[in-house]
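Data first, discussion second: the structure below is written as structure tokens.
The values are calculated or read from the model by the stated rules, or taken from the named source; none is laboratory data. This one's a predicted model, so the numbers in the text were calculated from it and none came from an experiment. All Cβ positions, glycine included, derive from the backbone under ideal geometry; neighbour counts span all protein chains shown. Please note that ligands, DNA and RNA were not included when accessible areas were found on the heavy atoms of the full protein model with its side chains. Shrake-Rupley method; radii C 1.70, N 1.55, O 1.52, S 1.80 Å.
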Amino acid sequence: MAQNKQSEKKNNGANLGFEETLWQAADKMRGHMDSAEYKHVVLGLIFLKYISDAFEERRSQLEEETADSANELYVIDPEDRFQVLEDRDEYVSENVFWVPIEARWQYLQANAKQPTIGKLIDDAMVAIEKDNPPLKGVLPKDYARPTLDKQRLGELIDLIGTIGLGDKESRSKDILGRVYEYFLSKFASAESKGGGEFYTPQSVVKLLVAMIEPFKGRVYDPCCGSGGMFVQSEKFVQAHGGRLGDLSIYGQESNATTWRLAKMNLAIRKIDANLGSHNADTFHNDLHKDLRADYILANPPFNDSDWGGDRLREDARWKYGKPPVNNANFAWVQHFIHHLAPSGIAGFVLANGSMSSNQSNEGEIREAIIEADLVDCMIALPGQLFYSTPISACLWFVSRNKKNGKFRDRSGQTLFIDARKLGHLVDRTHRELSDDEIIHIAQTYHSWRGEKDTSEYQDVPGFCKSATTEEVAEHSYILVPGRYVGATEIEEDDEGYEEKITRLVVKLEEQFNSSATLDKIIQENLKRLGIW
């Protein structure tokens, strides 16, 4: 009975708040290690445990089949039977990663308390990459470094060893996916503005996917981070009766460690993707130059001023105007449009300024894109959704052809949705959209597009409005939803960037000083009461 309870705890832990428990225990190991560095230590071990679990399950199945005299795979001689169990082809043919003996979790956990455990893990990662070409150059191999506490590393191995990740039951509940996504979000939160760019909050990804409905075709993300857009797209396809592989996935990522993270994230889910043979800058080394995608999903860096635009003034992608060298927002927009198929649709995140800015040719570019009848839908998002930035964001949806026959002819029309009042706080600083809110927003768009089995679209004051290009022109080609739906407009902001930063820093310093004074008063009062 006790054994059954232990098994239940091992395999169903994620249903019992397990992710948070694992995070708290694993985070104790971090000490003075930078979160961005620690991320790869933990996620590398989780990946290793997953493929080892899947391997051991397949091995147990082979063991039963080769020992069963009634089975066609029955092998009489024990030595010959062992050879079958160690035949790499028996695993690869079943889409299971081959794990060499020195890389199996059982071996590593047995040596977790040894001072050499770091080197053993590095050797395990090298061996796995050698025998599984798709993982070449992907796995972290720096566990032997002196700065990594080997005792804590051993404790972390023991802890992860209690979780079922790669066996069939755990895979059916996507325990690994949930743990992985939870850790990615926690790392993004811990890294805050300095390093969370690799992770787009799940509710935002869900909304993008629910809006554009990537059922079948080519999906592209030229700034793919850890690959969340691809994962959610595949989940969407499977949830609607499709199959893994109905989508052809193309991506690119400039950061080397994040590119490896994406490769691992997709590998654990058996998602085949072309992310290029290496990390590369999309603007200066486009690895998919000839790609015309059916769907584009992306969350590019907001207001990137260091994108090397001065070296790309005559690029063929700038069909609607040369983007400013000090802000990449409209370079991204035009890159997305350039890579869309004739009937393709793109959904992407941008900073709110992209909807109204008239600085450095941005207004002219936006006007040209609107007059080309490419903007299908605009959504104003609530604040505090993103880990990596306090900047408010919006969603753009660009359609290459609004009368392509898939839906009703929407020529000369754009849907505006103001979702700023939606969402709920999950902690003091972060907000999420609920699944019901995501469905509500997406269904509004689908009704407006005239999809089958949807209710008739109607404007809702304060929430949504279908506007003509002429109406948008009357508003100086500004795409802020509040101007159209009747809600309070986003405040006009003519203050310069440098002036605003200076003012906000001064204000923040004042608030810190006030907070320190208040903390001191509270401590003195607690001491006076004898409880501090």
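Counting the residues of segment 318-360 that are open to solvent by less than 20 Å² (accessible area, probe 1.4 Å) and within 23 Å of the chain's Cα centre (by Cα) gives 21.
No other residue among His240, His278 is open to solvent by 20 Å² or more (accessible area, probe 1.4 Å) and at pLDDT below 90 apart from His240. Confirm whether Phe407 is aromatic (Phe, Trp, Tyr) and farther than 23 Å from Asn299 by Cβ. For Phe407, the condition - aromatic (Phe, Trp, Tyr) and farther than 23 Å from Asn299 by Cβ - is met.
Just so you know, in segment 361-410 the residues that are within 25 Å of Leu422 (Cα to Cα) and of a type in the set (Val, Ile, Thr) include one that is nearest to the chain's Cα centre (by Cα), and it is Thr389.
Residues in segment 368-392 that are crowded, with 21+ Cβ neighbours inside 10 Å, more than 20 Å from Tyr457 (Cα to Cα) and modelled with pLDDT of 90 or more: Ile369, Leu374, Leu381. A count restricted to segment 282-317 and to residues that are over 18 Å from Ile249 (Cα atoms) and either open to solvent by 20 Å² or more (accessible area, probe 1.4 Å) or in a loop (DSSP other than H, G, I, E, B) (or both) stands at 19.
Are any of the residues in segment 403-426 more than 22 Å from Val485 (Cα to Cα), out of contact with any Asp or Glu (no Cβ under 8 Å at 6 or more places or on another chain), crowded, with 19+ Cβ neighbours inside 10 Å and of a type outside the set (Val, Ile, Thr)? Scanning segment 403-426, I find no residue that is more than 22 Å from Val485 (Cα to Cα), out of contact with any Asp or Glu (no Cβ under 8 Å at 6 or more places or on another chain), crowded, with 19+ Cβ neighbours inside 10 Å and of a type outside the set (Val, Ile, Thr), so the answer is no. Among the numbered conditions (1) under 24 Å from the mean Cα position of the chain (by Cα); (2) open to solvent by 10 Å² or more (accessible area, probe 1.4 Å); (3) at pLDDT below 80, the only one that Glu169 does not meet is (1). Tell me yes or no: at least one residue of segment 272-279 is in contact (Cβ under 8 Å) with a residue 40 or more places away in the chain and assigned to a strand (DSSP E or B). Yes, segment 272-279 contains at least one residue that is in contact (Cβ under 8 Å) with a residue 40 or more places away in the chain and assigned to a strand (DSSP E or B). Any residue that is among the aliphatic types (A, V, I, L, M), under 30 Å from Arg313 (Cβ atoms) and in a loop (DSSP other than H, G, I, E, B) - is there at least one of those in segment 420-432? No: segment 420-432 contains no residue that is among the aliphatic types (A, V, I, L, M), under 30 Å from Arg313 (Cβ atoms) and in a loop (DSSP other than H, G, I, E, B). Scanning segment 134-166 for residues that are of a type in the set (Gly, Ala, Ser), modelled with pLDDT of 75 or more and either touching a Pro at 6+ places or on another chain (Cβ under 6 Å) or closer than 13 Å to Leu48 by Cβ (or both) returns a single hit, Gly161. The set of residues in segment 240-266 that are among the small types (Gly, Ala, Ser), outside any loop (DSSP other than H, G, I, E, B) and under 17 Å from Val219 (Cα atoms) comprises Ser248, Gly251, Ala262.
Which ones in segment 64-105 are in a loop (DSSP other than H, G, I, E, B), of a type in the set (S, T, N, Q) and free of Cβ contacts under 8 Å to residues at least 24 places away in the same chain? Once the filter is applied, which keeps residues that are in a loop (DSSP other than H, G, I, E, B), of a type in the set (S, T, N, Q) and free of Cβ contacts under 8 Å to residues at least 24 places away in the same chain, segment 64-105 yields Ser69, Asn71, Ser93.
If the condition is being over 21 Å from the mean Cα position of the chain (by Cα) and surrounded by 15 or more Cβ atoms within 10 Å (Cβ to Cβ), then segment 427-447 contributes His440, Gln443, Thr444, Tyr445, His446, Ser447. Listed conditions (1) surrounded by 10 or more Cβ atoms within 10 Å (Cβ to Cβ); (2) at pLDDT below 95; (3) aliphatic (A, V, I, L, M); (4) more than 30 Å from the chain's Cα centre (by Cα) are all met by Ile531, apart from (1). Entry remark, segment 448-461: residues being surrounded by 12 or more Cβ atoms within 10 Å (Cβ to Cβ), in a loop (DSSP other than H, G, I, E, B) and over 30 Å from the mean Cα position of the chain (by Cα) number 2 in total.
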